[in-house]
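Here is the structure we will look at.
The values are calculated or read from the model by the stated rules, or taken from the named source; none is laboratory data. Predicted model, so just to flag it, every value in this text is computed and none were measured. No Cβ is skipped: glycine too gets one built from the backbone with ideal geometry, and neighbour counts run over all protein chains shown.
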Amino acid sequence: MGVGAFLLLYSVLIAVFAPSLLTRLTHRGNAPRLGVAAWTTAIASVLASWVAGAALLAVELVHAMPTSGGSVVGSCLRLLRGLVGDGVTVAVQICLFVSATAAAVVVGWRLVRGLGTARRRTHAHARDARVVGRRVPGIDALVLDAGERAAYCVPGRPNVIIVTSSALDALGANELDAVLAHERAHLNGHHPQLLAVLRVLAETLPRVALFRVGAAQVSRLLEMCADDAATRIHGRSALLAGLIALAGSGPAPAEGMGATSVAVLDRAGRLAAPLPAPDRVRARARLAVASVALASVPALMAVVGVMWCPPVVL
């Protein structure tokens, strides 16, 4: 098996088996930042393996093409005779190359188009919020008059944090500060942009479990990352009380990330009863090993493929 074909096979295996493994490693949120890194590394390694595999297959096909005899037609005829006489190796390579190239083009086009649409919607939502929202002294957020308790952030130019008047009535001062710190952590960490990429990728290839499950799990882990950032400043009790006060208010708009939109019960349990330090250390070690393994295999195979393939002589 050529290196290009191996990379494509590797990407299929990771896409099929990585979701269950990574879900087991990250579901408790012991190390959410490393969990996000592991999921995004797995997804990136699959995409990179597609591209690198297609490129190496192209190189292998160039070297498989007979060059003696001058004419292109003659070379094609000799290649066909080789296919008939030598088996299906080159035919399989051609099929893999065409499939991988077509998939890369379709995914790339849909990803760019989907991200453009998502960006226009989020910027429009942020712009509208700046128009209808009001500023309240001492609150680093736009206040919208609404009967539903909600707090969420929306990326735009500039980014905005939105809190409803009902949420202000339900939250104490410390709780409000913790919830707003949670939303600022999302914006400072570029969480909405990362989640937008993963969601568009999952919508583009909904049958690929790695993309579909990865988008959901990363969304959950990003909320835990923001929880950790807020608790470092305001403490666990303030954020936990804020989440409880806002619980049951429904999901945030699709253009934003809300404090109580994802895995509220799991996050509340995590804040109320954090795991001992040894458990967190072991979780970090496992996730670090998984991330390194997922990133190194396709990189090493691509390097080996380049070293094994001699330069093309035109």
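Numbers below:
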{"read-out": "Residue match in the range 49-56 (condition: in contact with a Pro (Cβ under 6 Å, 6 or more places away or on another chain), at pLDDT 60 or above, in a helix (DSSP H, G or I) and within 30 Å of residue 292 (Cα to Cα))", "value": "yes"}
{"read-out": "Set 190, 125: member being under 30 Å from residue 46 (Cα atoms) and either touching a strand residue (DSSP E or B) at 6+ places or on another chain (Cβ under 8 Å) or not charged (D, E, K, R) (or both)", "value": "190"}
{"read-out": "Which listed residue is within 19 Å of the chain's Cα centre (by Cα) and either over 18 Å from residue 134 (Cα atoms) or of a type in the set (S, T, N, Q) (or both), from 190, 182", "value": "190"}
{"read-out": "Residue check, residue 226 closer than 22 Å to residue 121 by Cβ, in a helix (DSSP H, G or I), touching a residue at least 12 places away in the same chain (Cβ under 8 Å) and in contact with a strand residue (DSSP E or B) (Cβ under 9 Å, 6 or more places away or on another chain)", "value": "yes"}
{"read-out": "Long-range neighbours under 6 Å by Cβ, at least six apart or interchain, first residue farther than 21 Å from residue 232 by Cα within the range 179-199, second crowded, with 21+ Cβ neighbours inside 10 Å and β-branched (Val, Ile, Thr)", "value": "198/218"}
{"read-out": "Filtered residues of the range 252-268 (kept if part of a loop (DSSP other than H, G, I, E, B), at negative phi and either of a type outside the set (Val, Ile, Thr) or crowded, with 23+ Cβ neighbours inside 10 Å (or both))", "value": "252, 253, 254, 255, 256, 259, 260, 261"}
{"read-out": "Conditions (1) closer than 29 Å to residue 139 by Cβ; (2) in contact (Cβ under 8 Å) with a residue 40 or more places away in the chain; (3) among the small types (Gly, Ala, Ser): number failed by residue 209", "value": "(1)"}
{"read-out": "Residue that is farthest from the chain's Cα centre (by Cα), among those in the range 222-251 that are buried (at least 19 other Cβ atoms within 10 Å of the Cβ) and among the hydroxyl-bearing types (Ser, Thr, Tyr)", "value": "249"}
